[in-house]
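Everything on this sheet refers to the single structure shown next.
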Amino acid sequence: MKIFPASLCSAAIIAMASPALSADVNVYSYRQPELVNPLFDAFTAETGIKVNVSFLAKGLVEKLKAEGDRSPADLVMTVDISRLNGIVEAGVTQPVISETLTANIPAEFRDPNNQWFGLTSRARIIYASKDRVQNGEVTTYEDLADPKWKGRICTRAGTHSYNLALTSAVLAHHGELDAKRWLQGVKDNLARKPQGNDRAQVKAIYAGECDIAIGNTYYMKKMLEDADQTAWANSVRIVFPTFIDGGTHVNLSGVAMTKAAPNKENAIKLIEFLSSAKAQEIYAETNGEYPLKAGTKPSDLVASWGDFTADTIPLIDIAKLRAASLKLVEQVNFDE
Ligand code: FE
């Protein structure tokens, strides 16, 4: 696998024109190297097709728009349904018709118009202090707004895509008025101003600053694997909350094909590979995410956190509520 920095893109475009490189698949990724490289290596080992990855922190849509027809990118990979949907809505993707993908990825985890495909899921759960929170004390997302948690909750910014998706789910379940009340209630319960990433909230529980935090499941694995963070992880247990009238909020990581994809054929092979049992198991073992293909299982560690039933609000609906959620977050000054 070859990594080409964003600044070399014009060179990459020229290189793409040479027949020797024409079979390579080029990926623009918001996902981190350590998460996706093992998958691309396995794909290359199986097919002989090389994958070149450009890792981006932001500006993926702008970059694709600027490159237009001359873009070397075949695929984009990212987390979060709103980001995936945003890329599609920007008009820089094309549909992929594949029986393999239809068979491997459950309908709720792919775009009805075949513009994006989920590859893994993650649940947005509650990390609860083992010492200060009893079993059964918090069981629903609605509970987070209960005044009994006053001064006891930590979270990252309300404007972060993970939290916006959760707020969108609250909106979908309860409507605008109650969603706003919920958001205000959670804000009123915060131990501190929203800050840091999901793991920073667990650190704060460890440090005694708060008792429960909102976070994604796979961070538990990441913390356990980092010697500096193991103690944080061991200070909490995972609670899979549900909505009063629903299940546990999940989000996804996924992939889409760019409109300009120069190597569509091999790019489809790569997406299909990523949905295969082999790749789904790599995802499960390496990333601690939930595989989507029927018959594939999460890793033993992830399974040890317990079972849950995913909420049934379609992810595409969650994406469409992003703007409304952002408005609510701003109205209650959640991050101030
Ligand atoms: Fe994350």
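The values are calculated or read from the model by the stated rules, or taken from the named source; none is laboratory data. It should be emphasised that the depicted structure is a prediction, and the values quoted were computed from it without experimental measurement. Neighbour counts are summed over all protein chains in view; Cβ atoms, including those assigned to glycine, are modelled from backbone coordinates with ideal geometry. Side chains are part of the model used for accessible areas, which takes the heavy atoms of the whole protein and leaves out ligands, DNA and RNA. Shrake-Rupley method; radii C 1.70, N 1.55, O 1.52, S 1.80 Å.
Out of Lys187, Lys130, Lys150, which single residue is in contact with a strand residue (DSSP E or B) (Cβ under 6 Å, 6 or more places away or on another chain), farther than 30 Å from Val53 by Cβ, more than 16 Å from the ligand (Cβ to nearest atom) and open to solvent by 10 Å² or more (accessible area, probe 1.4 Å)?
Lys130
Restricting attention to segment 199-219, which residues are in a helix (DSSP H, G or I) and under 17 Å from Glu34 (Cβ atoms)? Don't jump to the end; show me each part of the working.
So the first thing to find is which residues in segment 199-219 are in a helix (DSSP H, G or I), and the list is 199-206, 218-219.
Hits for segment 199-219 are Arg199, Tyr218, Tyr219.
Looking at Thr242 and the list (1) open to solvent by less than 30 Å² (accessible area, probe 1.4 Å); (2) of a type in the set (S, T, N, Q); (3) assigned by TED's automatic domain parsing to the domain that holds Pro314, which single condition is not satisfied?
(1)
Identify all residues within segment 111-127 that are within 16 Å of the ligand (Cβ to nearest atom) and within 27 Å of Glu89 (Cβ to Cβ); write none if there are none.
Gly118, Leu119, Thr120, Ser121, Arg122, Ala123, Arg124
Any chance segment 301-310 includes a residue that's open to solvent by 50 Å² or more (accessible area, probe 1.4 Å), of a type in the set (Ser, Thr, Tyr) and in a loop (DSSP other than H, G, I, E, B)?
The answer is yes, given that some residue of segment 301-310 is open to solvent by 50 Å² or more (accessible area, probe 1.4 Å), of a type in the set (Ser, Thr, Tyr) and in a loop (DSSP other than H, G, I, E, B).
Checking Ala294 against (1) modelled with pLDDT of 95 or more; (2) within 19 Å of Asn104 (Cα to Cα); (3) of a type outside the set (Ser, Thr, Tyr): exactly one of these is not met. Which one?
Failing condition for Ala294: (1).
Has segment 178-185 got at least one residue that is within 27 Å of Gln32 (Cα to Cα), of a type in the set (Phe, Trp, Tyr) and not in a strand (DSSP E or B)? Spell out how you get there, then give the answer.
So in segment 178-185, the residues within 27 Å of Gln32 (Cα to Cα) come out as none.
Taking every residue of segment 178-185 in turn, none turns out to be within 27 Å of Gln32 (Cα to Cα), of a type in the set (Phe, Trp, Tyr) and not in a strand (DSSP E or B).
Can you name the number of the only condition in (1) modelled with pLDDT under 95; (2) within 16 Å of the ligand (Cβ to nearest atom) that Glu108 fails?
That leaves (2) as the condition not met.
If Gln201 satisfies all but one of (1) open to solvent by 10 Å² or more (accessible area, probe 1.4 Å); (2) touching a residue at least 60 places away in the same chain (Cβ under 8 Å), what's the number of the condition it fails?
(1)
Quick test of your reading of the structure: Lys148 fulfils all but one of (1) in contact with a Gly (Cβ under 9 Å, 6 or more places away or on another chain); (2) among the basic types (Lys, Arg); (3) free of Cβ contacts under 8 Å to residues at least 24 places away in the same chain. Name the failing condition by number.
Failed condition: (1).
Residue check, Glu225 against (1) in contact with a Ser or Thr (Cβ under 8 Å, 6 or more places away or on another chain); (2) of a type in the set (D, E, K, R); (3) within 16 Å of the ligand (Cβ to nearest atom), all met but one. Which one?
(1)
Listed residues Tyr219, Tyr162; which is hydroxyl-bearing (Ser, Thr, Tyr), within 16 Å of the ligand (Cβ to nearest atom), within 19 Å of Val302 (Cα to Cα) and open to solvent by 10 Å² or more (accessible area, probe 1.4 Å)?
Answer to the selection: Tyr219.
Looking at Leu252 and the list (1) open to solvent by less than 10 Å² (accessible area, probe 1.4 Å); (2) within 16 Å of the ligand (Cβ to nearest atom); (3) over 14 Å from Thr120 (Cβ atoms); (4) hydrophobic (A, V, I, L, M, F, W, C), which single condition is not satisfied?
(3)
For segment 31-80, enumerate the residues that are at pLDDT below 95, open to solvent by 60 Å² or more (accessible area, probe 1.4 Å) and part of a loop (DSSP other than H, G, I, E, B).
Answer for segment 31-80, where residues must be at pLDDT below 95, open to solvent by 60 Å² or more (accessible area, probe 1.4 Å) and part of a loop (DSSP other than H, G, I, E, B): Gln32, Ala57, Lys58.
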